[in-house]
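Novice: Sending over a structure as structure tokens; questions will come in a sec.
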Amino acid sequence: MEEKAVILVTGASGMIGSHVVNGLLEAGYTVVGIDRNESRVKTENCIHKVVDLANKEAIIGVLQAYKVKKVVHLAALAHAQDGSEFTWEDYYHLNVECAKNVFDAAADLSVLFISTVDVFGFTDGLVNVSTPVRPVSNYAKSKVMAEKECQKLASFDIFRLSPVYTDTVKRDIQKRYYLKYPNIAYKIGDGTEYEILNVRNAVKAIVDWCGESSCNKVRIIKDEKRMFTPDYIKAEKAAGRANIVLWFPKWLVNFGYYVLKGLTGENKYTYLINKAVHPLRSE
């Protein structure tokens, strides 16, 4: 049996990263996980190294020491969980400068960069990987810059993930039907459909990539079935949450969106409403 390649995963201790490491181990790969924190995964087939991605020489040292063949770059600064905001300098350092260090260190290897569908920004209909990006948030802007750096590599792929959730961590999808968790939910019109991504499907796509040749392409990764907000609200009510459900006529939300956008332009506030008025649809 052919020996499987050694895979390096950055951000290995994160929510998605820890699931990816487990998925790769189950598939028979040896994994080198690097992160700023100690690993959640304890097994002899996972080598964990605490590495600062600002130190390119340290990354090169790990790649060479363990004869890594492929790199999955997951490490990123996303959104603060306590409601505070990071600065542009924070995003640029970790999501662009540190990503470039990873790409430079792995210049002769196959690299998978994990990005986000947030790079599309304001949309009014169907999108695909050729749709021009219009990032709004600092997070999305930094991801676009990192994508451009990744595309300079000889062997790469980029996965733009839809909002990721697990059976227990659903904050990225709860904002689509909660005004204030866990008591005040909302519904627009008859309900809204959103593209989302179960972490198990994200892991499968990444593990499959590790067994394939790089295509130097961008892909959108999503669940086959969209979430429908009334179904989720119903499940929340059955669990004793969502005690109050506010209903907004769709025409009123549309009207308010276009008025606000006309007055204030495209910004992070009108972008949030845009997601409800024009939910992203990808080919």
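Novice: How many residues does the stretch 254-276 contain that are of a type in the set (Val, Ile, Thr) and under 27 Å from the mean Cα position of the chain (by Cα)?
Specialist: Result for the stretch 254-276: 2.
Novice: Let me ask something else. Looking at this structure, is Trp209 touching a residue at least 24 places away in the same chain (Cβ under 8 Å), touching a strand residue (DSSP E or B) at 6+ places or on another chain (Cβ under 8 Å), assigned to a helix (DSSP H, G or I) and aromatic (Phe, Trp, Tyr)?
Specialist: It is true that Trp209 is touching a residue at least 24 places away in the same chain (Cβ under 8 Å), touching a strand residue (DSSP E or B) at 6+ places or on another chain (Cβ under 8 Å), assigned to a helix (DSSP H, G or I) and aromatic (Phe, Trp, Tyr).
Novice: Which one of these does Leu126 not meet: (1) within 30 Å of Tyr181 (Cβ to Cβ); (2) at pLDDT below 95?
Specialist: (1)
Novice: Residues of the stretch 190-218 being farther than 28 Å from His278 by Cα, crowded, with 17+ Cβ neighbours inside 10 Å and of a type outside the set (Phe, Trp, Tyr), which ones?
Specialist: Within the stretch 190-218, Ile206, Val207, Cys210 qualify.
Novice: Among the listed residues Ile221, Ile188, Ile233, Ile244, which satisfies the condition of being within 30 Å of Ala146 (Cβ to Cβ) and touching a residue at least 12 places away in the same chain (Cβ under 8 Å)?
Specialist: The unique qualifying residue is Ile221.
Novice: Which of the residues spanning the stretch 218-263 are in contact with a strand residue (DSSP E or B) (Cβ under 7 Å, 6 or more places away or on another chain) and of a type in the set (S, T, N, Q)?
Specialist: Thr229
Novice: Among the residues of the stretch 103-127, write down those that are within 14 Å of Ala154 (Cα to Cα), in contact with a helix residue (DSSP H, G or I) (Cβ under 8 Å, 6 or more places away or on another chain) and among the hydrophobic types (A, V, I, L, M, F, W, C).
Specialist: Correct list: Phe103, Ala105, Ala106, Leu109, Val111, Leu112, Phe113.
Novice: Could you grab the pairs with beta carbons closer than 6 Å, sequence gap of 6+ or different chains, first residue in the stretch 250-266 and on the phi < 0 side of the Ramachandran plot and of a type outside the set (Gly, Ala, Ser), second one surrounded by 13 or more Cβ atoms within 10 Å (Cβ to Cβ) and part of a helix (DSSP H, G or I)?
Specialist: Sorted first by the residue in the stretch 250-266, then by its partner, the pairs are Asn254/Val277; Tyr257/Ile273; Tyr257/Val277; Leu260/Thr270; Lys261/Thr270.
Novice: I'd like to check something: does the stretch 235-243 contain any residue that is crowded, with 17+ Cβ neighbours inside 10 Å and either outside any helix (DSSP H, G or I) or touching a Pro at 6+ places or on another chain (Cβ under 7 Å) (or both)?
Specialist: Within the stretch 235-243 (the criterion being crowded, with 17+ Cβ neighbours inside 10 Å and either outside any helix (DSSP H, G or I) or touching a Pro at 6+ places or on another chain (Cβ under 7 Å) (or both)), the answer is yes, since at least one residue qualifies.
Novice: Residue by residue through the stretch 104-118, note down the ones that are closer than 30 Å to Arg281 by Cα and not charged (D, E, K, R).
Specialist: Those that are closer than 30 Å to Arg281 by Cα and not charged (D, E, K, R): Ser110, Val111, Leu112, Phe113, Ile114, Ser115, Thr116, Val117.
Novice: Which one is surrounded by the fewest Cβ atoms within 10 Å (Cβ to Cβ), of the residues in the stretch 167-181 that are modelled with pLDDT under 90 and of a type in the set (Lys, Arg)?
Specialist: Lys180
Novice: Considering only the stretch 159-188, state which residues are β-branched (Val, Ile, Thr) and more than 19 Å from the chain's Cα centre (by Cα).
Specialist: Within the stretch 159-188, Ile184, Ile188 meet the criteria.
Novice: Conditions: (1) within 30 Å of Cys150 (Cα to Cα); (2) among the aliphatic types (A, V, I, L, M); (3) surrounded by fewer than 16 Cβ atoms within 10 Å (Cβ to Cβ). Leu263 meets all but one. Number of the miss?
Specialist: Among (1) within 30 Å of Cys150 (Cα to Cα); (2) among the aliphatic types (A, V, I, L, M); (3) surrounded by fewer than 16 Cβ atoms within 10 Å (Cβ to Cβ), the lone unmet condition for Leu263 is (1).
Novice: Next question, about the same structure. Can you confirm whether the stretch 88-107 contains a residue that is among the hydrophobic types (A, V, I, L, M, F, W, C), over 19 Å from Lys217 (Cβ atoms), in contact (Cβ under 8 Å) with a residue 40 or more places away in the chain and surrounded by fewer than 14 Cβ atoms within 10 Å (Cβ to Cβ)?
Specialist: Yes, there is a match, as at least one residue in the stretch 88-107 is among the hydrophobic types (A, V, I, L, M, F, W, C), over 19 Å from Lys217 (Cβ atoms), in contact (Cβ under 8 Å) with a residue 40 or more places away in the chain and surrounded by fewer than 14 Cβ atoms within 10 Å (Cβ to Cβ).
Novice: Among the listed residues Lys234, Lys187, Lys275, identify the single one that is among the basic types (Lys, Arg) and within 28 Å of Pro132 (Cβ to Cβ).
Specialist: Within the list Lys234, Lys187, Lys275, the selection yields Lys275.
Novice: What helices (runs of 4 or more DSSP H), lying completely within the stretch 26-142, carry at least 3 residues that are of a type in the set (A, V, I, L, M) and within 28 Å of Glu212 (Cα to Cα)?
Specialist: 56-65, 98-105
Novice: Can you find a residue in the stretch 147-163 that is within 24 Å of Ile244 (Cα to Cα) and either of a type in the set (Gly, Ala, Ser) or assigned to a helix (DSSP H, G or I) (or both)?
Specialist: So far as the stretch 147-163 goes, no, none of its residues is within 24 Å of Ile244 (Cα to Cα) and either of a type in the set (Gly, Ala, Ser) or assigned to a helix (DSSP H, G or I) (or both).
Novice: Next question, about the same structure. Would you mind finding the one in Ile158, Ile184 that is under 25 Å from Glu236 (Cα atoms), at pLDDT 95 or above and in contact with a strand residue (DSSP E or B) (Cβ under 9 Å, 6 or more places away or on another chain)?
Specialist: Answer to the selection: Ile184.
The values are calculated or read from the model by the stated rules, or taken from the named source; none is laboratory data. Worth saying up front: this structure is predicted, and the values here are computed from it rather than measured. All Cβ positions, even for glycine, are placed from backbone atoms using ideal geometry, and neighbour counts span all protein chains on display.
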